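Colleague: One structure is given below, represented as structure tokens, and several questions about it will come after.
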Amino acid sequence: LSYYNEYKSYLSRMTGCTVDYPLYGITQVDAFRVALVGGGGSMKSGVPNIVEVYDMRGNGMVLTHRYDCGTEAPTCISAHPGDPILVAGVDNNIQILQIPMEKKLNKEMPSLKKTFERDVVKTTDYGEIVKGITFCCFGEKLVTVGEDKAITIWEFPSMTKRWRITQHLSEVTQVTAHPNGEPYIVTATRGSECMLWDVETGERVHQLKYEDGTNTKFRFRSIRYSPTGESLYALILPVAWSPSSFSNIVKFDSESWTIQTKTYMRGEPLAELAISGDDSLLATASSNGHIYIYDAGSLSVGWCLSNVFIGLTQISF
């Protein structure tokens, strides 16, 4: 309880920012910075298509870098685990961005707003709209998933295509990589598939399933490895949602793939989940604008931040 109260006090001191574009993705760059992506797309509405980096060490969120993606909106982003590099899925392309080195921020320094310099290191044609992107194997490989139902594994930074896996039956919307350099990723589709893959061999290792004793068909809405890689957290919803449906939060053992613990919420369509870096807290965001904070071990709910936004799309610690 004291830990929750301390964290709630910390949250009360945090501030946010308002951007001039629809937000589609967020990722943590390092301990102090986050990157945001979004935009108006190709509709010529005047809304920019943007990648932005914010520093949170001072009073509020300070914009330090901004990159204009052109005529298409970036929909997903991932940060390299060791180098100041971002990769963004922009329509059917992968854009690799280098974050320039800069002086450490301090309280006296004014807000920075600078563009990337020679930031597009390489742009690779992906073929279909990229829906998910992540580094794995300590940043030596990059994994992309998209509308073409395929998983593509690239060597990084050469961007040589290692494997193209086409065993999914529907659009792949989620991908999470083992955090400790193990060559494993888990992917989930807009349908009901969730699979474990070996990125070295390109082979499927396991298929995750969830059943509740009825004939209900479920989809894995959001999946995240724990920071240690010992568990996989999954947000599992019925494919056909109704007001009486349950949003299920399930914690799997990542070796046996048995369920360690689970909880549910009735009538609340949860959309995203995130795990804190010390594996102590789990957060979920609902399409109704609520954020729920859980104990990651027992999945017991700690508190709810009500009516934070309308239509939350991404959440990250």
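Rule-based calculations on the coordinates, nothing more; no lab input. All values reported here derive from a predicted model rather than from experimental measurement. Cβ sites come from the backbone with ideal geometry, for glycine too, and all protein chains shown count toward neighbours.
Colleague: Which entries in the list Lys217/Lys251; Lys149/Lys209; Lys44/Lys141; Lys149/Lys262; Lys141/Lys262; Lys44/Lys131 go over 26 Å, if you measure between the two C-alpha atoms of each?
Modeller: Those over the limit are Lys44/Lys141; Lys149/Lys262; Lys141/Lys262.
Colleague: Next question. Across the stretch 186-202, in residue order, what do the Karplus-derived ³J(HN,Hα) couplings come to in whole Hz, using 6.51 cos²θ - 1.76 cosθ + 1.60 with θ = phi - 60° and x for Gly and Pro?
Modeller: Here the 3J(HN,Hα) series is 10, 10, 9, 10, 5, x, 10, 9, 8, 9, 9, 10, 9, 6, 6, 9, x Hz.
Colleague: Residue by residue, what Karplus-based ³J(HN,Hα) values in Hz, rounded to whole numbers, does the stretch 262-279 have, using 6.51, -1.76 and 1.60 with θ = phi - 60° and x for Gly and Pro?
Modeller: 7, 8, 8, 9, 8, x, 10, x, 5, 10, 9, 9, 8, 10, 5, x, 9, 6
Colleague: Further question: List the residues, sorted by chain then number, that are 5 or more residues from Thr173 or on another chain and whose placed amide H is less than 5 Å from its amide H.
Modeller: Amide H neighbours of Thr173, under 5 Å, 5+ apart: Ala188, Thr189, Arg190.
Colleague: First check a/c for the stretch 241-317, with a ≥ b ≥ c the square roots of the eigenvalues of its C-alpha gyration tensor; if it is under 1.5, answer rounded, and if not, answer prolate when a/b is larger than b/c or oblate otherwise.
Modeller: Because a/c hits 1.5 or more and a/b fails to exceed b/c, the stretch 241-317 counts as oblate.
Colleague: Using all Cα-Cα distances in the stretch 182-317, what percent lands in each 10 angstrom bin from 0 up to the longest?
Modeller: That works out to 12, 44, 35, 9, 1, in percent per bin.
Colleague: Amide H to amide H, which residues 5 or more places from Lys131 or on other chains are under 5 Å from it, using H placed in the peptide plane?
Modeller: Amide H to amide H, under 5 Å and 5 or more residues apart or across chains, Lys131 pairs with Val145, Gly146, Glu147.
Colleague: Quick one: 3J(HN,Hα) in Hz for the stretch 151-164, Karplus 6.51/-1.76/1.60 with θ = phi - 60°, rounded, Gly and Pro as x.
Modeller: Once θ is set to phi - 60°, the couplings for the stretch 151-164 become 10, 10, 10, 10, 6, 10, x, 5, 6, 7, 6, 8, 9, 10 Hz.
Colleague: Please give the net charge around Trp241, taking every other residue with its beta carbon less than 15 angstrom from that of Trp241, where Lys and Arg add +1 and Asp and Glu add -1.
Modeller: Net charge around Trp241: +3.
Colleague: Also: Hey, if you put +1 on the Cβ of every Lys and Arg and -1 on every Asp and Glu Cβ in the stretch 195-317, which of Ser222, Ala234, His290 ends up farthest toward the positive end of that dipole?
Modeller: His290
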